[in-house]
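The structure under discussion appears below in the form of structure tokens.
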Amino acid sequence: MTRERLTLFDTTLRDGAQTTGVDFSLEDKRQIATLLDNLGVDYVEGGYPGANPTDTEFFSKRPKIKAKFAAFGMTKRAGRSAANDPGIAALLDAKADTITFVAKTWDYHVHVALGCTLEENIEGIADSVAHVRKAGREVILDCEHFFDGYKANPDFALTCAKTAYDNGARWIVLCDTNGGTLPHEIEAIVTSVTKVIPGDHVGIHAHDDTGNGVANSFAAIRAGARHIQGTLNGLGERCGNANLVTIIPTLLLKKEYAERFEIGVDEGKLAQITQISRTLDELLNRSPNKHAPYVGASAFATKAGIHASAVMKDPRTYEHVTPESVGNRRKVLVSDQAGKSNILAELDRLGVDVSKDDPRVSRVLEEVKEKEALGYAYEGADASFELLARRMLGEVPEFFDVERFRVVMERRHNATGDFVSVAEAVVKVVIDGQTLTSVAEGNGPVNALDLALRSDLGKYQRHIADLELLDYRVRVFNGGTDAVTRVLIEFGDEAGQRWSTVGVSSNVIDASFQAILDGINWKLMKAGA
Ligand SMILES: [Zn+2]
């Protein structure tokens with residue numbers, strides 16, 4: 001049985017660059033292009049050469065990728081020919097395989113934004129596409145506001161699209177630019193377009209403003225479109241673009257699509273998609289969405305005790321695909337609803353070797369329940385849970401003892417008369433009967449304490465030299481200033497390990513200190529100190 005080919009077009013580096021808080025450097029762009037190429041997308045849209053210096057430079061030293069490298073730009077301006085349009089000249093100068101033109105296809109926008117006639121707009125599309133084709137380059141036309149345009153004036157919207165096709169554009173991409181169109185409307189409109197332009201020349205560019213970016217892409221495929229645009233992790237302005245990290249696993253793992261279509265991503269690459277998604281977040285310094293379909297840390301997490309035992313017996317009861325297929329992993333959460341099966345599953349995942357009838361397992365469960373009653377949460381603190389369990393199993397030595405610590409904070413004028421706050425911490429630790437005293441200043445009490453504790457741990461210092469505090473979160477519950485505070489800290493090291501710990505106290509500094517201690521002890525335990 002032959003399957004139809006679907007083309008994947010990634011616009012992370014162009015439309016995704018519109019994301020609030022995202023600013024790609026040249027190096028970011030290179031790394032992301034390589035990431036996308038390794039994944040197996042067919043097109044990587046690099047940006048808008050001529051529009052900003054980063055994009056111009058990115059195109060002048062084009063990355064070495066197998067995927068087609070696309071440059072984005074506008075069709076010619078009214079009143080001049082494509083051959084005399086400096087914007088188009090810049091696009092042709094860029095080292096791109098494909099030129100993606102954006103053109104208006106909503107009559108209202110042509111009048112308001114361009115101030116030209118509908119005929120001039122159509123002529124602009126025809127001349128621009130033909131000119132680039134004559135220069136031997138592939139052309140894609142992004143039909144801006146196509147769906148709104150089609151609802152307002154179907155003849156005009158269709159004429160714009162058909163004109164590009166007739167002049168040799170490879171793909172006519174229907175864009176839901178403001179993201180407001182619903183799946184059934186997408187399906188109906190794409191169906192009518194494919195009566196005029198063959199579906200293997202029609203693409204979809206969806207946004208997620210109604211939470212339907214992915215659903216709209218699939219609606220278009222069902223209606224005959226064979227080219228899908230999207231971004232990694234759904235990056236994009238407002239609510240983002242259609243998320244390729246959701247679309248790709250669905251295409252490969254869901255029978256309806258897997259049997260009918262093939263894409264450039266194979267099963268081996270699919271098993272790296274979780275890693276690719278997180279690498280992008282890492283590059284952009286964003287914390288990954290835990291609840292992201294397929295790739296989120298919680299995508300295969302089960303909390304309730306009764307569900308957990310069912311998952312362990314037969315994962316299919318609560319999992320629609322296997323976590324391994326997308327490079328993710330199953331996670332049974334340790335929580336106050338935990339039963340013995342959760343604890344056993346979690347110990348197994350952490351590689352703790354213990355028989356299920358070992359009475360110590362019940363003691364670990366009791367301890368977890370007691371701690372959770374005090375406000376501890378181990379769901380986001382794997383390392384603290386592992387320490388607790390291994391301690392109860394007698395596997396963790398007492399590396400050091402904190403005799404005492406003190407933190408003082410001062411708010412004062414500095415030499416230039418500005419108000420500054422400075423914190424200073426003193427920590428006394430005992431290692432092998434010897435007391436070590438460390439002092440450090442920090443921008444806040446927790447920072448000072450952390451720096452002091454880690455500045456001298458005697459013979460253990462070399463094991464924690466590359467330890468880094470990556471994320472620090474505080475949650476206060478039960479009301480006012482006398483409330484209970486829970487601190488979650490994420491640590492990392494040069495080997496790329498990441499681990500999270502928790503501390504709870506009515507005092508935020510004390511809670512932070514517990515979490516820091518767990519972080520250090522876990523690292524020493526793993527290092528075999
Ligand atoms: Zn867009």
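Just so you know, all these numbers are worked out from the coordinates, no wet-lab data involved. If you're wondering where the values come from, they're calculated on a predicted model, not measured in any experiment. Cβ: placed from backbone, ideal geometry, glycine included. Neighbour counts: every protein chain shown.
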**Request:** Mind sorting 384, 341 by how few other Cβ atoms lie within 10 Å of their own Cβ, fewest first?
**Result:** 341, 384
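How about the range 449-529: which GluC sites (Glu not before Pro) there are in a DSSP loop, with at most 14 other Cβ atoms within 10 Å of their Cβ?
On the way: sites: 468, 490, 494; in loops: 494.
Answer in residue order: 494.
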**Asked** Using only helices, what value at 222 nm comes out for the chain when you add -39,500 (n - 2.57) per DSSP H run of length 4 or more and divide by the total residues, to the nearest 500 deg cm²/dmol?
**Response** -11000 deg cm²/dmol
**Prompt:** Roughly speaking, what is the centre-to-centre gap between the range 486-529 and the range 181-227 when only Cα atoms are used, to the nearest Å?
**Reply:** 48
**Message:** Loop-only GluC sites (Glu not before Pro) in the range 206-307, please: DSSP not H, G, I, E or B, and at most 12 other Cβ atoms within 10 Å.
**Reply:** 259
**Asked** Out of residues 5 or more away from residue 239 or on other chains, whose amide H comes under 5 Å of its own, with H placed 1.01 Å from N in the peptide plane?
**Response** 208
**Request:** Would you kindly derive the ³J(HN,Hα) couplings of the range 4-14 from the backbone phi angles with the Karplus curve 6.51 cos²θ - 1.76 cosθ + 1.60 (θ = phi - 60°), listing them in order in whole Hz, with x for Gly and Pro?
**Result:** 7, 8, 9, 9, 9, 10, 9, 10, 3, 7, 10
**Distance between the range 1-36 and the range 42-78 - C-alpha centres, whole angstrom** = 12
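With a sphere of radius 10 Å drawn around the Cβ of residue 11, what net charge do the other residues whose Cβ falls strictly inside it have (Lys, Arg +1; Asp, Glu -1)?
Taking every other residue near residue 11 into account, the sum is -3.
Give the calculated FRET efficiency between residue 443 and residue 222 to the nearest 0.05, with a Förster radius of 51 Å applied to their Cβ-Cβ distance.
Numbers: r = 55 Å, r/R0 = 1.08.
Working from the Cβ atoms, E equals 0.40.
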**Fill in**
Sequence order, the range 354-367: Karplus ³J(HN,Hα) from phi using 6.51 cos²θ - 1.76 cosθ + 1.60, θ = phi - 60°, Hz rounded, Gly and Pro as x, gives 8, 6, 6, 9, 4, x, 5, 4, 5, 5, 4, 4, 4, 4
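Report the trypsin sites (Lys or Arg not before Pro) located in the range 1-58 that are in a DSSP loop and have at most 16 other Cβ atoms inside 10 Å of their Cβ, or state none. Don't skip to the answer; put the middle values down first.
Working: sites: 3, 5, 14, 29, 30; in loops: 3, 14.
Passing sites in the range 1-58 are 3.
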**Point-to-point label distance, residue 93-residue 468, nm (Cα→Cβ direction, 7 Å offset)** = 3.9
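What is the antiparallel percent of DSSP beta bridges lying wholly in the chain, to the nearest 5?
Numbers: 39 of 77 bridges.
Around 50 percent of the beta bridges assigned by DSSP in the chain are antiparallel ones.
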**Prompt:** Taking amide H positions as placed 1.01 Å from N in the peptide plane, with prolines and chain starts having none, which residues 5 or more places from residue 100, or on another chain, fall under 5 Å of its amide H?
**Reply:** 71, 72, 73, 140
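With a sphere of radius 15 Å drawn around the Cβ of residue 89, what net charge do the other residues whose Cβ falls strictly inside it have (Lys, Arg +1; Asp, Glu -1)? Working shown, then result.
On the way: positive: 76, 77, 80, 95, 134, 137; negative: 85, 93, 127.
Counting the neighbours of residue 89, the net charge comes to +3.
Would you please give the FRET efficiency between residue 195 and residue 317, computed as 1/(1 + (r/R0)^6) with r the Cβ-Cβ distance and R0 = 56 Å, to the nearest 0.05?
Values: r = 44 Å, r/R0 = 0.79.
So, using R0 = 56 Å, E works out to roughly 0.80.
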**Request:** Rank by packing, highest mean first: peptides 371-382, 318-329, with packing defined as the count of other Cβ atoms within 10 Å averaged across residues.
**Result:** 371-382, 318-329
**Request:** Would you kindly derive the ³J(HN,Hα) couplings of the range 71-86 from the backbone phi angles with the Karplus curve 6.51 cos²θ - 1.76 cosθ + 1.60 (θ = phi - 60°), listing them in order in whole Hz, with x for Gly and Pro?
**Result:** 10, 9, x, 8, 5, 4, 6, 5, x, 9, 7, 4, 5, 9, 9, x
